[in-house]
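I have placed the structure first, in the form of structure tokens, so that the comments after it can refer back to it.
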Amino acid sequence: MEKRELLLGDEALALGALHAGLSGVYAYPGTPSTEITEYIQDHPLAVARGVHRTWSSNEKTAMEEALGMSFAGKRALVCMKHVGLNVAADAFVNAAMTGANGGLVVVVADDPSMHSSQNEQDSRFYGKFALVPTFEPSTQQEAYDMVKAAFELSERFRIPVLMRLTTRMAHSRAVVEVTEPRAENELHSPAETRQWVLMPGNSRVRYKILLDDYARLETEAAASPFNTYTEGPDKRLGIIACGIAHNYVMENYPDGCPHPVLKLSQYPLPRDLVRRMASECQALLVVEEGQPVVEEAVRGVLPGPLPIRGRLTGELPRTGELTPDSVRAALGMSPHRTHAASEIVVPRPPALCQGCGHRDMYTALTEVVREEYPAGKVFSDIGCYTLGWLAPFHAIDTCVDMGASITMAKGAADAGQHPSIAVIGDSTFTHSGMTGLLDAVNERANITVIISDNLTTGMTGGQDSAGTGRLEQICAGIGVDPAHIRVTVPLPRNREELKAMIREEIAYPGVSVIIPRRECIQTAKKHNTAKK
Amino acid sequence: MKRDIILSGVGGQGILSIATVIGRAALAEGLQLKQAEVHGMSQRGGDVQSNLRISSSAIHADLIPRGEADLIVSLEPMEALRYLPWLASDGWVITNTVPLVNIPDYPDADALQRELEALPHAVTLDIDALAKAAASPRSANMVLLGAAAPFLDIDAAKLEAGIRDIFARKGEQVVEMNLAAFRAGYEATQKQAKR
């Protein structure tokens with residue numbers, strides 16, 4: 001029986017995976033992908049079936065754990081944001097080489113316009129790079145249906161499947177019709193085990209098969225129900241619209257599009273469909289969210305002087321998320337009449353919450369550095385505390401990628417920078433900070449590391465943090481001298497104590513760790529409400 | 001039937017609960033719906049908005065084109081003005097008049113007042129005071145929903161059912177408080193429209 005539910009794109013995908021017989025989801029939180037795992041964690045079917053749904057330490061461990069579940073014959077899902085795939089890339093690219101046994105779907109949520117990210121990278125490049133099939137839903141219903149198709153394709157071709165979402169699809173709600181759940185797979189080992197041992201001799205054999213399979217996957221994409229070619233009488237233009245971009249095209253033609261439209265939601269790029277459109281149209285417009293992946297590929301496919309328009313030629317903006325309005329302009333239509341923008345409206349950037357422990361940490365840190373060590377540099381990391389760059393703190397000098405605070409502080413100290421201070425959150429520390437700390441300890445680098453511990457993964461909404469309660473042991477285990485692992489509670493009344501610690505540890509010529517520890521006030525509120 | 005609505009406010013004010021209630025009611029009426037939300041970094045006290053599209057026929061884009069919104073519904077006055085380029089020429093603004101000042105360069109109160117008064121179609125209410133009088137300051141978002149309800153073309157009883165749904169697990173007292181807030185907003189709009 002079919003049922004209708006109002007679901008976020010993330011939730012539709014999660015439910016689709018559960019209904020496809022999922023046995024485990026593996027993920028590290030990251031906007032806009034977090035809600036996929038959270039939905040599965042809370043779903044009664046996942047609870048009843050005992051589906052694995054605990055957060056992993058980072059995207060690489062998540063990817064490898066899911067690959068292990070696939071090896072054992074069951075269906076596994078890995079979820080991350082686009083930059084998470086950089087962390088998981090070693091495992092991801094090599095998972096294409098081993099192939100999958102149980103269905104393996106890797107969901108990556110891209111963030112064009114960088115609503116909550118440090119870059120705009122397009123994960124479809126990774127799909128092509130690793131030679132894996134890639135899906136890109138255009139609606140929440142497709143997100144639900146596609147994940148089932150992705151698991152089936154994964155098992156039929158014995159290969160991981162990449163599913164790419166963008167922020168707007170992940171975080172927009174629509175009505176989705178859902179069907180009955182399928183049973184989970186039984187435990188079963190791969191029939192062929194040689195390709196799971198990626199020694200050069202095995203890999204060379206497997207790589208040729210992977211290339212042959214990629215050609216067959218293009219034939220699959222050409223026949224996919226998710227890729228559609230719709231005829232139109234006006235052949236002056238043919239439109240290639242990928243994933244969610246298809247909606248923005250159709251939004252501008254309420255009575256139907258007069259031009260032929262090729263909707264693309266499954267890759268490898270079905271080149272024959274592109275050639276067909278080129279043979280009957282006088283120009284092409286490529287509308288895609290993210291980077292010009294298809295536009296560049298189409299230029300390589302087609303000979304001759306056919307004009308191809310898109311992000312590379314300026315009809316569409318080269319950066320940022322598409323909108324119905326930017327697509328409208330590219331279709332040659334005049335803009336809608338609008339109200340004038342108000343001239344008194346000013347930007348309202350986000351800020352650390354009032355009462356947040358990171359605030360007390362930054363107040364103490366900036367007072368010490370500014371007044372006593374004006375040459376000091378603060379290398380920060382990814383999390384709520386990145387907001388320390390903004391007013392009133394202006395406390396940090398860098399924020400690059402997960403874990404880069406400790407390693408960049410070490411590199412700068414190697415060059416002679418002093419004081420060289422790292423600021424990292426507890427969850428980011430266990431994600432990617434621990435190995436860098438080992439480098440620092442091994443070389444006795446002269447750095448001061450502040451692990452601002454709020455006992456949660458705060459920025460993404462308060463998920464469990466992998467090292468909660470064990471940070472001092474972890475640091476001591478890595479080799480930091482226990483005399484230079486200092487813990488305090490970041491509160492206004494303890495400011496002088498924290499400042500004294502910072503001074504003393506800057507003066508100590510070696511690796512020291514200061515842990516200001518106080519629960520995130522958002523999770524504290526939730527816990528207090530739950531207690532009542 | 002078609003309603004394109006921009007819900008706006010400041011992170012933490014609770015615009016998503018408004019969207020959730022309207023969503024439930026629209027689903028109960030058998031309407032199509034798309035609702036784009038903001039999650040992540042900007043929820044920390046920054047500007048937030050949600051594009052809510054309801055229609056009896058198919059909806060394509062998750063985002064509302066500029067100049068096409070029927071309504072701007074805002075819990076904060078400057079945040080209402082931020083989205084004017086999306087408002088249709090005959091569209092309405094329903095907004096709280098109480099500023100939330102968490103930035104140093106917030107516009108001057110008189111200038112803000114003048115811009116609100118210059119809007120051709122607007123309902124401007126002290127939502128905070130209405131919430132305090134009728135229920136609790138925490139139910140300001142349901143007062144605003146009530147104030148917007150006459151413009152939604154959705155049966156008010158279905159909206160009230162939506163409120164019952166989403167607050168049910170918090171107990172009958174919370175449900176009644178939010179219903180009272182909703183009705184106070186609804187009446188306030190009717191009164192202002194009559195003037």
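The values are calculated or read from the model by the stated rules, or taken from the named source; none is laboratory data. Treat the numbers as computed from the prediction; the structure is a model and nothing was measured. Heads up, the Cβs are rebuilt from the backbone with ideal geometry, glycines too, and the neighbour counts pull from every protein chain shown.
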On the given criteria, is A:I36 in contact with a helix residue (DSSP H, G or I) (Cβ under 6 Å, 6 or more places away or on another chain), β-branched (V, I, T), touching a residue at least 60 places away in the same chain (Cβ under 8 Å) and crowded, with 22+ Cβ neighbours inside 10 Å? yes
Conditions (1) assigned to a helix (DSSP H, G or I); (2) in contact (Cβ under 8 Å) with a residue 60 or more places away in the chain; (3) of a type in the set (D, E) -> A:E5 fails only (1)
Going through (1) of a type in the set (A, V, I, L, M); (2) under 22 Å from A:T166 (Cα atoms); (3) buried (at least 18 other Cβ atoms within 10 Å of the Cβ) one by one, A:A351 fails only at (2)
Of the residues in region A:482-491, those that are under 16 Å from A:I406 (Cβ atoms) and either outside the structural domain of A:T435 (by TED's automatic domain parsing) or not in a strand (DSSP E or B) (or both) come to A:H484
Residues of region A:166-186 being touching a Ser or Thr at 6+ places or on another chain (Cβ under 7 Å) and within 14 Å of chain B (Cβ to nearest Cβ), in sequence order, are A:A170, A:A174
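If you take the residues in region A:115-163 that are among the aromatic types (F, W, Y) and surrounded by 24 or more Cβ atoms within 10 Å (Cβ to Cβ), which one is nearest to the chain's Cα centre (by Cα)?
A:F135
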Of (1) part of a helix (DSSP H, G or I); (2) on the phi > 0 side of the Ramachandran plot, B:A140 satisfies every one except (2)
The condition of being without any contact (Cβ under 8 Å) to a residue 40 or more places away in the chain and away from chain B (no Cβ under 14 Å) holds, among A:A100, A:A130, A:A72, only for A:A130
Sole miss for A:K235 among (1) in contact with a His (Cβ under 8 Å, 6 or more places away or on another chain); (2) buried (at least 16 other Cβ atoms within 10 Å of the Cβ); (3) in the same structural domain as A:A283 (by TED's automatic domain parsing) is condition (2)
Screening B:A157, B:A147 for residues that are without any contact (Cβ under 8 Å) to a residue 24 or more places away in the chain, under 18 Å from the mean Cα position of the chain (by Cα) and closer than 24 Å to B:V21 by Cβ leaves only B:A157
Within region A:285-306, residues at pLDDT 95 or above and either part of a loop (DSSP other than H, G, I, E, B) or more than 24 Å from A:R164 (Cα to Cα) (or both) come out as A:E288, A:E289, A:G290, A:Q291, A:P292
When you check B:Q49 against the structure, is it surrounded by fewer than 20 Cβ atoms within 10 Å (Cβ to Cβ) and either under 14 Å from A:S172 (Cα atoms) or facing chain A (nearest Cβ under 9 Å) (or both), yes or no?
no
Residue count, region A:243-273, condition in contact with a Phe, Trp or Tyr (Cβ under 9 Å, 6 or more places away or on another chain), more than 14 Å from chain B (Cβ to nearest Cβ), under 19 Å from A:L302 (Cα atoms) and buried (at least 21 other Cβ atoms within 10 Å of the Cβ), comes to 5
How many residues of region B:81-111 are more than 9 Å from chain A (Cβ to nearest Cβ) and assigned to a helix (DSSP H, G or I)? The answer is 2
Note: among B:A168, B:A133, B:A184, just one is modelled with pLDDT under 95, within 21 Å of B:S17 (Cβ to Cβ), out of contact with any Asp or Glu (no Cβ under 9 Å at 6 or more places or on another chain) and in a helix (DSSP H, G or I), namely B:A168
Residue hits (region B:1-42; surrounded by fewer than 20 Cβ atoms within 10 Å (Cβ to Cβ) and either facing chain A (nearest Cβ under 7 Å) or more than 17 Å from the chain's Cα centre (by Cα) (or both)) are B:M1, B:L27, B:A28, B:E29, B:G30, B:Q32, B:S42
**Request:** Please work out if B:R114 is surrounded by 18 or more Cβ atoms within 10 Å (Cβ to Cβ) and out of contact with any helix residue (DSSP H, G or I) (no Cβ under 7 Å at 6 or more places or on another chain).
**Result:** no
Result of the Cβ filter at 6 Å on region A:264-283, keeping first residues that are assigned by TED's automatic domain parsing to the domain that holds A:A245 and partners that are outside any helix (DSSP H, G or I) and of a type in the set (G, A, S), at least 6 apart or interchain, is A:S265/A:S138; A:S265/A:G243; A:Q266/A:S224; A:M277/A:G238; A:C281/A:G238
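Yes/no matrix, rows are residues, columns are (1) in contact with a strand residue (DSSP E or B) (Cβ under 9 Å, 6 or more places away or on another chain); (2) hydrophobic (A, V, I, L, M, F, W, C); (3) not in a helix (DSSP H, G or I):
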position	(1), (2), (3)
A:R493	no, no, no
A:A500	no, yes, no
A:R503	no, no, no
A:I506	yes, yes, no
A:P509	no, no, yes
A:P516	yes, no, yes
A:Q522	no, no, no
A:K525	no, no, no
A:N528	no, no, no
message: With the structure loaded, tell me whether A:A375 is touching a residue at least 24 places away in the same chain (Cβ under 8 Å) and closer than 25 Å to A:G510 by Cβ or whether it fails that test.
response: yes
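Let's see how each residue does on (1) without any contact (Cβ under 8 Å) to a residue 60 or more places away in the chain; (2) within 11 Å of chain B (Cβ to nearest Cβ); (3) small (G, A, S); (4) at negative phi:
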{"position": "A:P303", "(1), (2), (3), (4)": "yes, no, no, yes"}
{"position": "A:M333", "(1), (2), (3), (4)": "no, yes, no, yes"}
{"position": "A:R348", "(1), (2), (3), (4)": "yes, yes, no, yes"}
{"position": "A:D360", "(1), (2), (3), (4)": "no, no, no, yes"}
{"position": "A:E367", "(1), (2), (3), (4)": "no, no, no, yes"}
Residue hits (region A:428-455; buried (at least 24 other Cβ atoms within 10 Å of the Cβ) and either outside any helix (DSSP H, G or I) or in contact (Cβ under 8 Å) with a residue 60 or more places away in the chain (or both)) are A:H431, A:S432, A:L437, A:A440, A:I447, A:T448, A:V449, A:I450, A:I451, A:S452, A:D453, A:N454
